[in-house]
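Engineer: Structure below; questions to follow.
The values are calculated or read from the model by the stated rules, or taken from the named source; none is laboratory data. Given the structure is predicted, the values throughout are model-derived calculations rather than measurements. We work out accessible area using only protein heavy atoms, side chains counted, and drop any ligands, DNA or RNA first. Shrake-Rupley method; radii C 1.70, N 1.55, O 1.52, S 1.80 Å.
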Amino acid sequence: MSNQKLKKLTMVQQEYKKFAQIREPQRPVLMNCARAFLVGGTICVFGQLIQGFFVNHFGFTQKTAGNPTVAVLILISVILTALGVYDHIAQWAGAGTAVPVTGFANSIAAAAIEHRSEGFVLGVGGNMFKLAGSVIVFGVFAAFVIALIKTLLTMLGGA
């Protein structure tokens, strides 16, 4: 907190702030990072195994096996969300489950499950993208900006 804001606090508020800071539990940042790395990495390894399965058993190439692999990962995360398992994993792992596509599927499925009692149109359809909507908007915007940069570089004689 800056000194300007600290000066606006009364003496009792300043003392309480110091009191609260002393008693605030320390966050295990290193442990949280390790858990996120472990779970996120496990999800990615599982995805690689699924991709290898598609390549070896169904004749896909490495490039064409990507779409069905993502679809299977999304399906698994939605099923785990519906069973209530994904939330327990996410509670323990933190950001490790939020970064892969499975976290995105979980956020949409959880919102849909939560609002299903309100009906399919107004409940599920109207609320399932509230949390994930910002991700979609920023993803589309980032893709547009990258495509614009690539087009400008190509027009200027770049790669």
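Engineer: Stretched out fully, how many nm does the piece from residue 118 to residue 20 gain, at 0.36 nm a residue minus the Cα gap? Could you put the intermediate results ahead of the total?
Structural biologist: Numbers: separation 98, 0.36 × 98 = 35.28 nm, distance 4.16 nm.
31.1 nm is the gain from fully extending residue 118 to residue 20.
Engineer: Compute the Cα gyration tensor for the chain, then decide on rounded, prolate or oblate, letting a ≥ b ≥ c be the square roots of its eigenvalues: rounded whenever a/c is under 1.5, prolate when a/b is larger than b/c in the other cases, and oblate in all that remain.
Structural biologist: On the way: a/c = 1.85, a/b = 1.52, b/c = 1.22.
Prolate, since a/c reaches 1.5 and a/b exceeds b/c.
Engineer: Give the angle, between 0 and 90 degrees and rounded to the nearest 10, that separates the Cα long axis of helix 11-23 from the longest principal axis of the Cα atoms of the chain.
Structural biologist: Roughly 50 degrees, rounded to the nearest 10.
Engineer: If you roll a 1.4 Å probe over the heavy atoms of the protein chains, what accessible area per residue do you get for the chain, in Å²?
Structural biologist: Heavy-atom accessible area per residue stands at 76 Å².
Engineer: If you stretched the chain out fully between residue 142 and residue 56, how much longer would it get, using 0.36 nm times the residue separation minus the C-alpha to C-alpha distance?
Structural biologist: Details: separation 86, 0.36 × 86 = 30.96 nm, distance 3.42 nm.
Contour length minus the Cα-Cα distance gives 27.5 nm.
Engineer: Restricting everything to alpha-carbon atoms, can you work out Rg to Rh for region 90-147 with a Kirkwood hydrodynamic radius? Intermediate results must be reported in sequence, preceding the final value.
Structural biologist: Values: Rg = 13.4 Å, Rh = 12.5 Å.
Ratio of gyration radius to Kirkwood radius: 1.07.
Engineer: Now for a different question. Rounded to the nearest percent, how much of the accessible area of the chain (1.4 Å probe, protein heavy atoms only) is carbon and sulfur?
Structural biologist: Roughly 71 percent of what the probe reaches on the chain is carbon or sulfur.
Engineer: I'd like the accessible area for residue 81: 1.4 Å probe, protein heavy atoms, all chains in place, Å² to the nearest 10.
Structural biologist: For residue 81, the solvent-accessible surface is approximately 10 Å².
Engineer: Return one number: the angle in degrees, 0 to 90 and rounded to the nearest 10, between the long axis of the Cα atoms of helix 133-155 and the longest principal axis of the Cα atoms of the chain.
Structural biologist: Here the helix axis deviates by roughly 60 degrees.
Engineer: Oh, and also: When we measure straight from the Cα of residue 8, which lysines land under 17 angstrom away, once same-chain ones fewer than 8 places off are left out?
Structural biologist: Filter leaves 17, 18.
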